[in-house]
Structures are given as structure tokens and as C-alpha cells.
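To start, the structure itself, in C-alpha cells.
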Amino acid sequence: MKRLGVTGGIGSGKTTVCRILEELGAQAFYADDEAKRLLAEDPSVREGVVRLFGPESYLPGGAPNRRFLARRAFADQALLDQLNALIHPRVLDRFEEAAQQAARARVSLMVKEAALVFEAGAERQLDAVVVVDAPAAARIERVCKRDGVSREEVTARMARQADPSALRRRADIVLENDGDLERLRRKVERLYRDMTSS
Ligand code: ATP
């Protein structure tokens with residue numbers, strides 16, 4: 001069983017690619033969802049977050065105070081780095097467990113979707129990394145439509161991310177999501193065949 005990383009900038013189509021791969025028989029692990037789960041549920045993560053950001057990090061009912069955390073982390077790169085250092089190694093561990101379990105269950109392909117792959121050192125756990133990319137105008141339009149947010153908001157989020165050309169240079173495979181969904185599906189079917197044929 002091969003392990004495939006899927007990454008790319010906001011609105012590039014990472015999740016869509018992973019959903020198609022799942023339909024084809026792959027098992028997918030969504031790193032950002034796992035990070036959110038750890039933030040909400042893991043006692044040692046909670047303890048570390050409170051140490052870094054203070055008691056306001058969690059709401060009275062116990063759920064993470066996302067708005068507060070996002071504001072603090074975006075304003076202070078050192079804090080963001082420390083938060084990532086707290087959560088990322090645990091996400092890597094969870095992926096490792098999931099991938100080993102999938103291999104025992106004879107899953108055809110294990111896919112990890114993550115906004116950060118190279119930064120977190122996660123490529124060491126993967127056989128190949130696909131970078132999904134699309135023209136900036138298409139990404140902006142798709143995210144505005146999906147999230148109901150303004151162009152300015154999407155552009156600001158894009159500006160905080162890695163430059164797509166830097167991502168593309170580190171990719172094993174670049175998947176251009178520059179056509180319609182049908183075209184993307186055909187490309188993903190080819191990718192699935194390539195990844196599961198050897
Ligand atoms: P994020 O980084 O924000 O999680 P993402 O990279 O996972 O984004 P998706 O959520 O897969 O991106 O795609 C963004 C939106 O664009 C979704 O609503 C998806 O349905 C749509 N989309 C993706 N690819 C295409 C395409 N080729 N044609 C039209 N719409 C598309």
C-alpha cells in the first residue's frame with residue numbers, strides 16, 4: 001500500500017481530489033480535521049495550549065475559543081510556531097497509526113490531505129506528494145462561492161500561505177486543477193491507477 005500526500009494552497013482543490021480518491025477505494029486522513037479534534041479533545045494538547053495562550057483559549061463549555069486563538073496566533077508568529085510544534089507531531093503519530101491499520105486491512109491507497117506537508121516534515125511518512133494547483137483567479141472564485149467570503153478575505157489568506165511555485169518545485173506530482181470537475185476526476189482516476197498499479 002502506497003501513502004500519498006495531497007497538499008496545495010487554499011481553494012486549489014485538495015479536498016475534492018481526496019474525496020474522488022476515496023470514491024475510487026483509497027482511505028483518506030484529513031490532517032486539519034485531526035488537528036482540530038486534538039485541540040478540542042486531547043488533554044495534553046489542551047494543557048499546552050492553555051500554557052501558551054492562557055485560560056481564554058477554551059470557552060466556558062470546554063470548546064476551543066477558535067476566534068481568540070486565531071487572532072493571537074496570526075498576530076504572533078512565535079506563538080503560531082509553538083502551537084504547531086505542539087500539535088503537528090501528534091497529527092503525524094495519528095496518521096502513522098491510521099496508515100498502519102489501513103495496510104493491515106489491505107486498503108489500496110492511503111491518502112493524507114494537509115495544508116502543510118513540507119513544513120511539518122510529513123513527507124518522510126509518504127511515498128509521494130501531490131501538489132494540487134489552480135490559477136489564482138479560479139481559487140479565489142471557488143472559495144468565495146464555497147465559504148461566502150469576500151475576495152479580499154481569500155486574497156489575504158492566500159498571501160499568508162506558501163508561494164505556489166515553491167510548493168510545485170517540491171512536489172513529486174503536480175495536479176493542475178484548471179478545468180471543470182469532470183476533467184479533474186479523469187486526472188485523479190489516472191493518478192489512482194498509477195499509485196495502485198505497482
Ligand atoms: P481549502 O484549502 O480551503 O481547504 P481545498 O484546496 O481543499 O481548499 P476544495 O474545497 O477541494 O479546495 O475546493 C474549493 C471549492 O472549489 C469547492 O467548493 C470545490 O467543490 C470547488 N472546486 C474544486 N475544483 C473545482 C473545479 N475543477 N471546478 C469547479 N469547482 C471546483
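The values are calculated or read from the model by the stated rules, or taken from the named source; none is laboratory data. All values reported here derive from a predicted model rather than from experimental measurement. Don't worry about glycine lacking a Cβ; one is built from the backbone with ideal geometry, like all the others, and counts go over all protein chains shown. The area values use the complete protein model at the heavy-atom level, side chains included, leaving out ligands, DNA and RNA. Shrake-Rupley method; radii C 1.70, N 1.55, O 1.52, S 1.80 Å.
Brief remarks follow.
- Spacing of the two label points (7 Å from each Cα toward its C-beta) at D33 and N84, in nm: 2.3
- Violating pairs (Cα-Cα greater than 19 angstrom) within the set K145/K187; K14/K112; K112/K145: K145/K187; K112/K145
- The residue among L83, L38, M1 whose Cα reaches farthest toward the positive pole of the charge dipole of the chain, with charges on the beta-carbon of Lys, Arg, Asp and Glu, is M1.
- Taking label positions 7 Å along the Cα-Cβ direction at both T196 and E47, the computed distance is 4.3 nm, reported to one decimal.
- The stretch 13-88, dipole about Cα centre (Lys/Arg Cβ +1, Asp/Glu Cβ -1), debye to the nearest 20: 280
- Spacing of the two label points (7 Å from each Cα toward its C-beta) at A70 and Q161, in nm: 1.5
- The magnitude of the dipole of the chain, with charges of +1 and -1 set on the Cβ of Lys/Arg and Asp/Glu and taken from the Cα centre, is near 200 debye.
- The fraction of accessible area contributed by carbon and sulfur in the stretch 53-161 is 52 percent, rounded to a whole number (1.4 Å probe; ligands and nucleic acids excluded).
- Taking every C-alpha pair closer than 8 Å and separated by at least 6 residues, the mean separation divided by the residue count of the stretch 105-198 gives a relative contact order of 38 percent.
- At 1.002 mPa s and 20 °C, Stokes diffusion of the stretch 1-102 via Kirkwood alpha-carbon radius, µm² per second: 141
- The spacing between the stretch 94-128 and the stretch 14-92, judged by their C-alpha centroids, is 18 Å.
- For the stretch 78-120, the alpha carbon convex hull comes to 58 Å³ per residue, rounded to a whole number.
- Its residues counted as N, the stretch 108-161 yields a C-alpha radius of gyration over 2.2 N^0.38 Å of 1.40.
- Estimated Rh, the stretch 76-198: Kirkwood, alpha-carbon pairs, angstrom: 16.7
- Using a cutoff of 8 angstrom between alpha carbon atoms and counting only pairs six or more residues apart, the relative contact order for the chain works out to 39 percent.
- From the C-alpha gyration tensor of the stretch 130-191, square roots of 5λ in Å: 22, 17, 7
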